[in-house]
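A quick write-up on the structure given underneath.
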Amino acid sequence: MASTRAAIRYAKAILDIADSKRVADKVSRDMTLIANTISSNSELNTFIQSPTIRVEVKEKALLEVFAQANSVTKSLFHLLFENKRFEILESIAIEFNKLFDTKNGVEIAKVTTAIPMDAALEAKVLAKIATFSNKKITIQNSVDPSIIGGFILKIGDNQYNASVANRLQTLRRELSN
């Protein structure tokens, strides 16, 4: 879901409130749960996006679904109720976590491998990451069998392609010249 300026503004406001109450870690866990739940549950996503369902019903349902959430997170539900903006909840959660990670010096490294990463490959990737960034890193692994082997690492705007498919393509170009 594309982020909007409104989602970023809500996320900043919630992060400020969470920081002032010293519960930013708990709210971050709530936001991760919210984003994952909405993206993986099409019925919940459709429910939230539906313009025919009253906002009172949406707020009540979200308070029940996320009953264990922190009071700051629940206050976001009420704010979205007041402003009739439930459709951007997933974007707010995603933007909140981006802001939270940036604030805490955490960067996300997206690693694409042909098979799920094992400890040896993870160690190689972390060694390569040390040359890209000196921040704390969170690794997100995705599997793409078309790269044949190796890995593709993306951190911010930087990309390092150590895949077998890339090496074969480079060799093919060299041989054709």
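Leaving out ligands, DNA and RNA, what percent of the accessible area of segment 1-102 is carbon and sulfur, probe 1.4 Å? Could you put the intermediate results ahead of the total?
Working: 2970 of 5720 Å².
Of all accessible area on segment 1-102, carbon and sulfur atoms account for 52 percent.
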Rounding to the nearest 10 and keeping the result within 0 to 90°, find how far the Cα-based axis of helix 24-40 lies from the longest principal axis of the chain. 80
Lysine pair count for segment 22-97 [Cα-Cα under 13 Å; pairs on different chains or 8 or more apart]: 4
For segment 1-86, what is the largest minus smallest coordinate of the Cα atoms on each principal axis, given in angstrom and ordered from greatest to least? 36, 26, 23
Would you calculate the convex hull of the Cα atoms in segment 87-177 and tell me its volume per residue in Å³? 139
Partners for K128 among lysines (Cα-Cα distance below 24 Å; same-chain residues under 8 apart left out): K98, K103, K110, K136, K154
Once Rh is set to the Kirkwood radius over Cα pairs, what Stokes-Einstein translational diffusion coefficient, in µm²/s, holds for the chain at a temperature of 37 °C and a viscosity of 0.692 mPa s? 177
What accessible area per residue, rounded to a whole number of Å², is obtained for segment 1-66 using a probe radius of 1.4 Å? 63
Find out how many positive minus negative residues lie around F100, taking Lys and Arg as positive, Asp and Glu as negative, among other residues whose Cβ is under 13 Å from that of F100. -1
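Around I88, what is the net charge, scoring Lys/Arg as +1 and Asp/Glu as -1 over all other residues with Cβ under 15 Å from its Cβ?
Numbers: positive: R5, R9, K12, K58, K84, R85, K98; negative: E59, E82, E87, E90, E95.
The answer is +2.
If you put +1 on each Lys and Arg Cβ and -1 on each Asp and Glu Cβ, how big is the dipole of segment 60-135 around its Cα centre, in Debye rounded to 20?
Numbers: 10 positive and 9 negative charges, 33 e Å.
In total the dipole reaches around 160 debye.
Place a +1 charge on the Cβ of each Lys and Arg in segment 1-155 and a -1 charge on the Cβ of each Asp and Glu, then give the dipole magnitude about the Cα centre in debye, rounded to the nearest 20.
Details: 21 positive and 17 negative charges, 92 e Å.
In total the dipole reaches around 440 debye.
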Using the Cβ atoms and a cut-off under 10 Å, what net charge is assigned to the surroundings of A69, where Lys and Arg are +1 and Asp and Glu are -1? +2
Report, to the nearest 10°, how far helix 55-65 tilts away from the longest principal axis of the Cα atoms in the chain, using its own Cα long axis and a range of 0 to 90°. 60
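The values are calculated or read from the model by the stated rules, or taken from the named source; none is laboratory data. Please read these numbers as outputs of a predicted model, since none were measured by experiment. Heads up, the Cβs are rebuilt from the backbone with ideal geometry, glycines too, and the neighbour counts pull from every protein chain shown. Protein only, heavy atoms only, side chains kept; ligands, DNA and RNA dropped before computing areas. Shrake-Rupley method; radii C 1.70, N 1.55, O 1.52, S 1.80 Å.
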